[in-house]
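The values are calculated or read from the model by the stated rules, or taken from the named source; none is laboratory data. This structure is a prediction, so every number in the text was calculated from the model and none was measured. Here the Cβ positions follow ideal geometry from the backbone for every residue, glycine too, while neighbour counts run over all protein chains shown. Just the protein is used for accessible areas: all its heavy atoms, side chains included, with ligands, DNA and RNA removed. Shrake-Rupley method; radii C 1.70, N 1.55, O 1.52, S 1.80 Å.
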Amino acid sequence: MERHPNTQALYADQPAREQNIQALVSLFESGIKKQAETLGVEVEHTIVDADGQPLTYSQPNGVADVLEALSVTYPQVTKDGIHILGLARPKMNVTIEPAAQIELSAGPFVRLDEVEQAFVQFDNDVAQIIEPHGCRMLTYGYDTSMKAVDKELIPKARYDFMNRYLSTISPYGPRMMRGSASTQISIDFTSEADAVRKLRLSNVLAPIFALICDNTPVFEGKKAPHYMMRTEIWRHLDPVRCNTVPGSLAEDFSFRKYAEYVLGVPAIVAPNGEGGFRYDTRTFGEIYAEVPMERPDVEHALSMQWPDTRLKTYLEIRPADSMPTPYVVAYTGLVKGLFYSESSLNALDDMLCDVLDEALVEDAKTQLMRLGYDAQAYGMPVSDIADKVIELAYAALGSDEKRYLDPLAELVEKRITLTQLSDLW
């Protein structure tokens, strides 16, 4: 077993630490693909009634009833006792977030038309159930009508623990859980070096992606005070587990260093040894100080880290707001064109090679939230960076897929966001 004398003394009270680092690294390595080509897409939605108020889980004709009706076409049902918490059919998994936001996780896909078909199908499936009751399914980055504190959490112990812990840090924890909704894209990697490269570039591009996909016109019942309100939420939610993974922009970053980061984060939710979970504010390194982590322990620990890009057996790029389906497909095409093209990756490396400090990313977020496309980031006009990533993606996508990028490309060309186009702004 590889030894690291510089950390042995520091973690003398964690005799299983090296085994746990290796367990995490082994999981990352198990995700290495011969070819990087598949895409996973997750979008969170909010269902509202005729008055624009979000449905709770338990109310009559609420989200629980929607899931029950949806189970006819998504027959693989996950329950917690009597409560339906998830549904699935091939390549489409439906789950619910803390305040009954509905998430569709779809894939893996290779082609953008597959992404479009899956999300159009889901939109139609849900519409058939809710429209007779005067309800609609919305895709915004934040609840458009209520303050987060007024929203009901679904009956799930994990969310009670998260709410308890995050509420002690800032008001943004409850706001994230109850009010926010995102679009997340998962991509493959072909080696540790490829994963680290894509992790770095996606972290640096996180502010740009957040601006291009900005779709949060309302925050806490009022007009959002600036661009990229979801970025504001995640920035202050819990700095230990959010934003840019420490050291991940450096050339010597590795699977091992990501594993060390994971072990240093407070768990909040930890397995209780009886198939359930308990509240625990110790770090994962402390919880498993003397106990080697098994695969389910590793997967749970990774699920409790929420950086801009998360490493699992794939890379999960997380900065974008929830958006209508055409923009979701366009964003998927943008990510595909940037991260599955060697030409694009080389161009991004050249353009962003000097961004080696997480503080630069945080400064970029600050500037973009304040000034939008008029901001500067990394010593360049943000508009130039946005133009470049659109140009690279168009060049990389096949002739049959370029058109899918058009909705986002039009926003960038006009220097405007979905937030600004909304009637609610």
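General remarks:
- In segment 1-111, counting only strands (runs of 3 or more DSSP E) that sit wholly within it, the ones holding 1 or more residues that are in contact with a helix residue (DSSP H, G or I) (Cβ under 7 Å, 6 or more places away or on another chain) and surrounded by 20 or more Cβ atoms within 10 Å (Cβ to Cβ) span 39-48, 83-89, 92-96, 102-109.
- Check on residue 390, closer than 21 Å to residue 216 by Cβ, open to solvent by 10 Å² or more (accessible area, probe 1.4 Å) and out of contact with any Phe, Trp or Tyr (no Cβ under 7 Å at 6 or more places or on another chain): no
- Qualifying residue in segment 3-23 (condition: aromatic (Phe, Trp, Tyr) and within 26 Å of residue 147 (Cα to Cα)): no
- Scan of segment 152-211 for residues that are over 19 Å from residue 239 (Cα atoms), surrounded by 21 or more Cβ atoms within 10 Å (Cβ to Cβ) and free of Cβ contacts under 8 Å to residues at least 60 places away in the same chain, ordered by number: 196
- Residue in segment 396-404 that is under 23 Å from residue 351 (Cα atoms), in contact (Cβ under 8 Å) with a residue 40 or more places away in the chain and aromatic (Phe, Trp, Tyr) present: no
- Any hit, segment 84-95, residues being at pLDDT below 95 and β-branched (Val, Ile, Thr): yes
- Residue in segment 355-375 that is within 30 Å of residue 125 (Cβ to Cβ), in contact (Cβ under 8 Å) with a residue 12 or more places away in the chain and assigned to a helix (DSSP H, G or I) present: no
- Among the residues of this structure, residue 348 does not count as one that is under 25 Å from residue 120 (Cα atoms), open to solvent by less than 20 Å² (accessible area, probe 1.4 Å), of a type outside the set (Asp, Glu) and in a helix (DSSP H, G or I).
- Odd one out for residue 174 among (1) in a helix (DSSP H, G or I); (2) touching a strand residue (DSSP E or B) at 6+ places or on another chain (Cβ under 7 Å): (2)
- Within segment 369-425, tally of residues that are hydroxyl-bearing (Ser, Thr, Tyr), touching a helix residue (DSSP H, G or I) at 6+ places or on another chain (Cβ under 9 Å) and under 21 Å from residue 140 (Cα atoms): 4
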